[in-house]
Each structure stands twice: as C-alpha cells, then as structure tokens.
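Single-structure report; data block below.
Every read-out reported here was derived from the displayed coordinates using simple, explicitly stated rules and does not represent laboratory data. Small disclaimer: the values here were computed from a predicted structure and weren't measured. Cβ placement follows ideal geometry from the backbone for every residue including glycine, while neighbour counts extend to all protein chains displayed.
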Amino acid sequence: MRGESVLYSIFGVAIALTALLILYPAYHALELSFQDLDSFISEPVWIGFDNYVEVLAMPEFWNALGRGMVFSGTTIVLQIVLGIGFATLLDSAIPAKPLARGIAVLPYLLPTIIVALTFQWMLDSTVGVFTQIARVFGYNYIPWGESSGAAMTVVILLSVWIWTPFVTLAFLAGLQAVPGELYEAARVDGASAWQRFWHITLPQLRPVLTVVLLLRAIWMFNKFDIIWLTTRGGPLQGTEHLPILAYRKTFELYEVGQGAAVSAISFLILSAFILVYFYFFPLDEKE
Amino acid sequence: MKELTLGRRTSLYALVCITLLYSFFPIYWMIISSFRDDNSLYANFSLLPGPFKLTNYEVLLELTDYPTWFTNSVLVAFGTVCITLVISILIAYSVTRLQFRGKMAVVGTMLYAYMFPPMLLAIPMFSLFVKLGLADTRLSLMISHCTITLPLGVWLLWGFFKQIPTDVEEAAMVDGCSRLKAFVLVVLPLTLPGVVTVAIFSFLLSWTDYTFALVMIGTDSLKTLPAGLDTMVGTYELRWGELMAGSTLIALPLLVMFMFLSRYFIHGLSAGAVKG
C-alpha cells in the first residue's frame with residue numbers, strides 16, 4: 001500500500017516519545033529503588049537490594065499492605081453490590097431515564113479534592129449537615145475520623161461514593177445485552193423477580209463482573225488522592241497504605257530509595273493483577 | 001409486558017429516589033453552602049437552599065490566589081489535550097493501518113501503562129524533571145498528565161480506527177490523495193466522535209488531577225486548582241463557605257460539559273476512560 005513509509009516514520013517517532021514518557025520513568029523508578037538517596041539532587045549510591053531488605057523488615061510496610069487490602073477489598077465489594085443494585089434500578093421502567101442515569105454518574109466525574117472537602121464539611125463534628133441530622137435523632141457527638149477505625153470507614157465510604165458509578169455503567173451496558181426472551185420465558189414459568197435476577201441476570205453478567213472486579217482491584221489498591229486528601233494517612237497512620245507510605249518516605253522522610261522500593265513492590269503486586277486481566281481478556285484486533 | 005402493581009411501582013420509585021438523593025445530595029450541599037454567609041453556614045441550619053449571597057465568591061476571587069490557579073489549570077489542561085490528541089491519533093492510526101509483528105504489543109503496553117497508578121509514575125518522573133531542570137514548572141505537570149492521557153487516547157482511538165475499513169482511504173488514494181490527505185479528509189471526520197471523547201477525557205483527567213500536581217509543583221503561584229484549593233485547607237482557618245465556592249467553581253465546567261456532551265461522556269466512561 002502507498003504511503004507506508006510515512007506511516008512507519010510517524011509511528012516510530014510517536015512510539016519513541018511514548019516510551020520516553022512512560023517506560024523510562026518506570027525504569028527510573030526501579031533504578032531509584034536500588035540506590036541510597038536522601039534527596040533527588042544528591043549523588044546516588046548503588047546499594048543493591050538493601051532498600052528492599054529494609055522495607056520488608058519494617059512493620060510499617062506490612063501494616064500498610066494490610067490496610068491497603070482491607071481498604072481495596074471492602075470498597076470493591078461495596079461498589080459491586082451497590083453498582084449492580086443501581087444498574088438494575090436504572091434499567092427498570094422509570095420516567096426520565098437518561099436524567100436519572102446522568103445524576104447517578106455524577107460522583108464519578110468530580111475531582112477527588114471536591115469530594116474530600118465537601119464530605120469533610122458535611123461531617124464537621126459541630127456544624128456539618130450529617131452531624132446536624134444525627135443530632136435530630138439524638139446523637140449529639142459523633143467522632144468521625146478521630147479513631148483509625150472511624151477514619152478508615154470514612155475513606156471507604158467516600159471511595160465507594162465516588163467509584164460506584166463505574167460499576168453501575170458497566171453493568172447497565174451488560175444488562176442491555178441480556179436477551180429479553182429469557183425473562184419472558186422465566187415469567188411464563190412463574191419465576192419471581194428475585195429468582196429472575198438470581199438465575200438470569202447475574203449469570204448473564206458474569207463476564208462483565210470479571211472485568212469490573214479486575215479493574216477495580218487494579219485501581220483501588222493504589223488509590224492515593226482520596227485517602228491523602230481526607231486523612232493524610234492518619235490518625236496515627238491508621239489509614240496509611242502503600243502509596244501513602246511511598247509518598248511519605250520520599251517527600252517527608254527523605255528516604256527516596258526506600259520510597260521507590262515501596263513503589264516497586266506495589267508495582268509488582270499490581271502487575272500480577274494486570275497479567276490476570278490480560279489472560280482473561282486477550283487483545284483481539286478483530287472484535 | 002405485564003404492568004407493575006401500584007405497590008411495586010411505588011417501592012421502585014422510592015428506591016430510585018433514594019439512589020438519586022445519595023448521588024446528588026453532596027453536590028447540592030456543596031453548591032448551596034457556597035452561597036451562604038457565615039451566619040447561615042454555622043448558626044441557622046436549614047436543608048433548604050438559600051440565603052443566596054455572593055460573598056464567598058468575592059472573597060475567593062479577590063483575596064486568594066484562586067484566579068492564578070484557575071489560569072494554570074486552564075493552561076495545563078489545554079496543553080495536555082493538544083499533545084494527547086496529536087500523538088494518540090498518530091499512534092492509533094498507524095497501529096491499525098500497519099501490518100507488522102508485535103504491533104499488538106504496542107496496544108498492550110498502552111493498556112498496561114494506563115493501569116499504572118499515578119503515584120508510582122509521579123515519583124520517578126519528578127526525579128527526572130529535577131535532573132532536567134524542569135522541576136516545579138507547569139510544563140512538567142503537563143508532560144506528566146500526558147502519561148495518563150496518552151495511553152487512554154491510544155486505547156480509545158484504536159477502538160475507533162480499527163472499525164474504519166481500509167478501503168475508505170484506499171479509494172481516496174486511488175483518486176489521487178496522498179496518504180496524509182486521505183487520512184485528514186476521509187478517516188478523521190469519520191472518527192470525530194472518538195477524537196471528541198479523547199479530548200473531553202484528557203481535559204477531565206488533567207483538570208481533576210491532584211496527585212501529579214501535589215508531587216510536581218511546589219510554588220504556590222504555579223499550582224493548579226485542586227492542589228491550590230488544598231493549600232487553602234492547610235493555611236487558612238477552615239473557611240467552609242470559600243472552600244465550597246472554590247469547589248463549585250472547579251466542578252462547574254465539568255457539570256456544564258456533562259450536560260451538553262453527555263453522549264460522549266457515557267461512551268467514554270463505559271470504556272473506562274476515567275482512570276480509577
């Protein structure tokens with residue numbers, strides 16, 4: 001075909017740019033993790049696996065890993081349950097469907113800073129709207145965010161609020177693909193709404209569920225901004241997970257190499273999930 | 001289809017209303033709080049909108065760095081969108097039209113890169129920018145935003161370009177167009193929805209980003225809106241009225257775009273265009 005050489009050169013340049021932009025930083029992250037650095041301008045000293053040894057020996061690391069799993073596990077389960085519920089509701093015969101769907105998607109579009117600020121304002125322990133409403137029901141003082149458990153609950157609920165629409169949209173799309181005859185047949189056989197949901201909708205949504213589960217796992221495990229903005233990893237590191245530990249190591253404790261090692265470890269865990277994703281959903285040019 | 005009974009219908013509507021209230025109430029509260037004065041914010045509590053005052057907005061725009069941050073956000077987002085569009089269109093188009101082994105690896109790498117969490121890329125990138133003397137500049141922030149938007153752009157546009165049959169531009173080339181001309185005049189118009197989707201989401205990702213902005217920018221006057229607003233939390237006593245006004249103004253362009261371009265939004269969102 002004509003013009004192939006033009007295409008090849010464009011492709012070459014564009015790929016080189018992208019490699020420089022994405023692959024080189026990833027490589028540099030690994031490089032940093034093998035160095036002893038107390039700032040980004042100091043002379044690097046190559047120390048092999050020492051950073052990894054030190055990081056893996058820190059209880060802080062294991063606590064952060066555990067918290068990350070609690071955080072991502074809980075948020076994923078809640079998002080999926082709520083998302084399926086919302087998708088089913090928004091797919092049923094209701095008026096003004098596009099408007100309702102639009103509103104249900106909104107939280108997903110908002111910058112995390114807005115969500116963090118608005119919820120902190122709503123949860124303010126003296127004048128916040130949730131506190132005022134709780135007061136009507138006789139709860140005068142609610143210590144949102146003062147204990148680690150409460151803070152973790154708050155960041156989990158905020159994350160669920162923001163990212164459930166992703167699941168809702170995925171399942172809404174999935175529901176469109178379920179053949180209507182299946183429901184008709186089930187209705188003729190006298191199946192209840194719940195039975196139809198359990199025996200038709202859910203099995204039909206299984207492929208969507210796998211994608212959603214993997215993508216949520218990949219993204220929730222490394223969420224940084226919502227937790228940082230809401231709690232800064234506190235109180236007493238009660239909400240500190242691996243990305244926050246990496247950030248604090250690098251920019252607050254000036255242990256750049258160790259921070260990079262923490263990042264590299266989360267990156268390995270993440271890659272395992274991404275490989276599973278590619279195993280289930282190989283790229284297909286034809287589809 | 002059988003009609004729903006009255007009871008069923010009522011409970012369905014009630015559930016839908018609760019869902020919508022759950023999704024919309026925080027946004028509603030942010031907006032009405034931004035228009036309230038201190039007295040109605042802190043003393044006379046009411047769930048209904050009003051009173052309607054512009055004091056918070058006046059203070060925010062006249063006494064803080066907010067307008068500067070706004071300009072920075074616009075500059076960075078605009079730059080990110082332009083770079084992303086040019087490069088991702090070129091890559092996605094050439095990948096779909098070239099036949100060589102390992103080209104799927106390119107798309108695979110893009111998808112892989114798209115799943116990278118920002119914090120994992122931000123730290124090494126900052127280190128590289130320090131070496132290049134680019135640290136703490138808006139350009140460095142723009143470049144780092146491209147690490148999220150480029151993979152997204154290639155991924156989305158790859159989906160669009162592969163659906164356009166090659167006969168389309170071959171016919172144009174038989175008629176005497178060059179490859180480039182055939183692409184610009186014939187293929188690009190057909191994939192306009194894809195291009196618009198990529199533009200919207202590059203803007204969205206850059207406009208809403210906090211993580212990269214936190215790492216890349218230290219100087220207050222170079223910050224973008226999300227990072228700038230966050231410094232107000234640290235330095236001022238918590239002035240909730242102004243913070244909510246600031247939040248509302250960040251959300252406003254997104255809400256307006258969403259109203260007019262919701263088709264593209266829903267398409268992009270379903271394709272996973274908002275990382276996270």
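Side notes on the structure shown:
- Taking 0.36 nm per residue of separation and subtracting the Cα-Cα distance, full extension of the segment from residue B:39 to residue B:78 would add 10.1 nm.
- Label-to-label distance, residue A:50 versus residue A:278, with points set 7 angstrom from Cα along the beta-carbon direction: 3.4 nm.
- Note on region A:1-107: along the principal axes its Cα atoms extend 65, 61, 24 Å, ordered by decreasing extent.
- Charged side chains reduced to their Cβ positions (Lys and Arg at +1, Asp and Glu at -1) give chain B a dipole of some 1000 debye around its Cα centre.
- Computed P(r) (all Cα pairs; chain A; 10 Å bins; percent): 6, 20, 25, 24, 16, 7, 2, 0
- Going from the fewest other Cβ atoms within 10 Å to the most, the residues A:230, B:96, B:224, B:197 appear in the order B:96, A:230, B:197, B:224.
- Volume per residue for chain B equals 200 cubic angstrom (convex hull of Cα atoms).
- A Förster distance of 60 Å, applied to the separation of the beta-carbon atoms of residue B:63 and residue B:6, puts the FRET efficiency at 0.60.
- Each label point was placed 7 Å from the Cα along the Cα-to-Cβ direction; for residue A:142 and residue A:187 their separation is 4.0 nm.
- Cα gyration tensor category, rounded, prolate or oblate, for region A:218-287 with a/c compared to 1.5: prolate
- Sites matching trypsin sites (Lys or Arg not before Pro) across region B:64-122 that sit in DSSP coil, with at most 14 neighbouring C-beta atoms within 10 Å: B:101
- Comparing region B:24-181 with the 2.2 N^0.38 Å rule of thumb, its C-alpha radius of gyration ratio is 1.58 (two decimals).
- If you wrap the Cα atoms of region A:52-141 in a convex hull and average its projected area over all directions, you get 9.9 nm².
- Per-selection Kirkwood Rh - the protein assembly as shown (Cα, Å, 1 d.p.): 25.3
- Stokes-Einstein D for region B:1-53, Kirkwood Rh over Cα pairs, 37 °C, 0.692 mPa s (µm²/s): 244
- Between residue A:6 and residue A:39, full extension at 0.36 nm per residue minus the direct alpha carbon distance yields a gain of 7.5 nm.
- Taking each residue as 0.36 nm, the span from residue B:231 to residue B:137 lengthens on full extension beyond its C-alpha to C-alpha distance by 32.1 nm.
- Between residue A:99 and residue B:52, the simple label model (points 7 Å from Cα in the Cβ direction) yields a spacing of 1.9 nm.
- Förster radius 35 Å - calculated FRET efficiency between residue A:57 and residue A:125, Cβ distance, rounded to 0.05: 0.35
- Computed E for residue A:206/residue B:104 - FRET, C-beta separation, R0 22 angstrom, nearest 0.05: 0.30
- Ranking B:118, A:95, B:194 by how far each Cα lies toward the positive end of the dipole of the protein assembly as shown (charges on Cβ) leaves A:95 at the top.
- Within region B:1-91: Cβ-based charge dipole about Cα centre, in debye rounded to nearest 20 (Lys, Arg +1; Asp, Glu -1): 640
- Taking every alpha-carbon pair under 8 Å whose residues sit at least 6 apart, chain A reaches a relative contact order of 29 percent.
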